[in-house]
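The values are calculated or read from the model by the stated rules, or taken from the named source; none is laboratory data. The shown structure was predicted, so the numbers you read here are calculated from the model rather than taken from an experiment. With ideal geometry, Cβ positions are generated from the backbone for all residues, glycine too; neighbour counts draw on all protein chains shown. Just so you know, the surface numbers come from the protein's heavy atoms only, side chains and all, with ligands and any DNA or RNA stripped out. Shrake-Rupley method; radii C 1.70, N 1.55, O 1.52, S 1.80 Å.
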Amino acid sequence: MKIHSEKVSVTTQTRPTFHDVTPDVKRVLESAGIKNGLLTVYSQHTTCSVFIQEPSAGSTFNDTLYIMQDLVNALDKIAPTCRYEGQYLHPGKDHIVRAQAIGEDPAWSLNTDAHLRSAIIGRSVSIPIIDGDAQLGRFGHVWFADFDQVRAREREILIHIMGE
């Protein structure tokens, strides 16, 4: 059995940000030379998600595809955007003290909604590989989402492939 891993970096913004990482997934799969097995796309970030969805036609003024904006709107009903201290139990005083000790701005901790959204959607997908092809279906694309709205950042996505 062969194992191949690569990381892909993306830059996110101060709003929910979505990246179609399908071209990266296909490039890594091709370079791995694995024809049959399992491919996992994973985010180690606790305010981010990885999921499969089709790209829809049309986007908002800030270039968010309509289907992704619909997802944000639906999640906002479940986990409303954190707008002020005390809206959620998290982050709490102890968390803020720890964050300040490592040089973080306390306002960066006002991202509870992003943690909840990530937990709901999940941080990884596993895709079967058959005859060198990731089985995404006709319309499936692999998306990386950063739900954190408190700061722009560089994020890493792990593409891990096992098989033969």
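Checked against (1) open to solvent by 20 Å² or more (accessible area, probe 1.4 Å); (2) assigned to a loop (DSSP other than H, G, I, E, B); (3) not aliphatic (A, V, I, L, M), Asp148 passes all but a single condition, namely (1).
Please verify whether region 83-91 includes one or more residues that are open to solvent by 60 Å² or more (accessible area, probe 1.4 Å) and outside any loop (DSSP other than H, G, I, E, B). Checked region 83-91: no residue is open to solvent by 60 Å² or more (accessible area, probe 1.4 Å) and outside any loop (DSSP other than H, G, I, E, B).
Annotation note: of Asp70, Asp94, the sole residue that is surrounded by fewer than 17 Cβ atoms within 10 Å (Cβ to Cβ), of a type in the set (D, E, K, R) and within 25 Å of Glu156 (Cα to Cα) is Asp70.
Scanning region 73-82 for residues that are part of a helix (DSSP H, G or I) and open to solvent by 40 Å² or more (accessible area, probe 1.4 Å) returns Asn73, Ala74, Asp76, Lys77, Ile78. Taking every residue in region 75-93 that is in contact (Cβ under 8 Å) with a residue 40 or more places away in the chain and pairing it with any residue that is open to solvent by 60 Å² or more (accessible area, probe 1.4 Å) and among the β-branched types (Val, Ile, Thr), at least 6 positions away or on another chain, the pairs with Cβ-Cβ distances below 9 Å are Leu75/Ile120; Ile78/Ile120; Ala79/Ile120.
Please determine, by comparing only the residues of region 78-125 that are among the hydroxyl-bearing types (Ser, Thr, Tyr) and over 27 Å from Trp143 (Cα atoms), which one is nearest to the chain's Cα centre (by Cα).
Going residue by residue through region 78-125, those that are among the hydroxyl-bearing types (Ser, Thr, Tyr) are 81, 84, 88, 109, 112, 118, 124.
From what is left, the residues that are over 27 Å from Trp143 (Cα atoms) are 84, 88.
Numbers: Tyr84: 24, Tyr88: 22 Å.
Looking at the filtered set, the residue picked out is Tyr88.
Residues of region 113-130 being of a type in the set (S, T, N, Q) and over 20 Å from Asp70 (Cα atoms), which ones? Explain how you work it out, then say what you get.
Of all residues in region 113-130, those of a type in the set (S, T, N, Q) come to 118, 124, 126.
Across region 113-130, the qualifying residues are Ser124, Ser126.
Looking only at region 110-141, count every residue that is part of a helix (DSSP H, G or I), touching a strand residue (DSSP E or B) at 6+ places or on another chain (Cβ under 6 Å) and crowded, with 19+ Cβ neighbours inside 10 Å and tell me the total.
First, the residues of region 110-141 that are part of a helix (DSSP H, G or I): 112-121.
Filter once more, keeping what is touching a strand residue (DSSP E or B) at 6+ places or on another chain (Cβ under 6 Å): 118, 121.
Narrowing further to those that are crowded, with 19+ Cβ neighbours inside 10 Å: 118.
The qualifying residues number 1.
Residues checked against (1) acidic (Asp, Glu); (2) free of Cβ contacts under 8 Å to residues at least 40 places away in the same chain; (3) open to solvent by 60 Å² or more (accessible area, probe 1.4 Å):
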position	(1), (2), (3)
Val41	no, no, no
Gln44	no, no, yes
Ile52	no, no, yes
Phe61	no, yes, yes
Thr64	no, no, no
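Check region 19-31 and report whether any residue there is outside any loop (DSSP other than H, G, I, E, B), under 17 Å from Ile121 (Cα atoms) and touching a residue at least 60 places away in the same chain (Cβ under 8 Å).
First pass over region 19-31, keeping only residues outside any loop (DSSP other than H, G, I, E, B): 19-20, 22-31.
Right, trim to under 17 Å from Ile121 (Cα atoms) and you get 19-20.
Within this subset, residues satisfying the condition of being touching a residue at least 60 places away in the same chain (Cβ under 8 Å) are 19-20.
Yes, region 19-31 contains a residue that is outside any loop (DSSP other than H, G, I, E, B), under 17 Å from Ile121 (Cα atoms) and touching a residue at least 60 places away in the same chain (Cβ under 8 Å).
Name every residue in region 103-145 that is closer than 18 Å to Pro23 by Cβ and among the acidic types (Asp, Glu), in order of residue number.
Hit for region 103-145 is Asp133, nothing else.
Checking each residue in region 17-36 for being surrounded by 20 or more Cβ atoms within 10 Å (Cβ to Cβ) and either in contact with a Cys (Cβ under 8 Å, 6 or more places away or on another chain) or within 13 Å of Glu164 (Cα to Cα) (or both) picks out Leu29, Ala32, Ile34.
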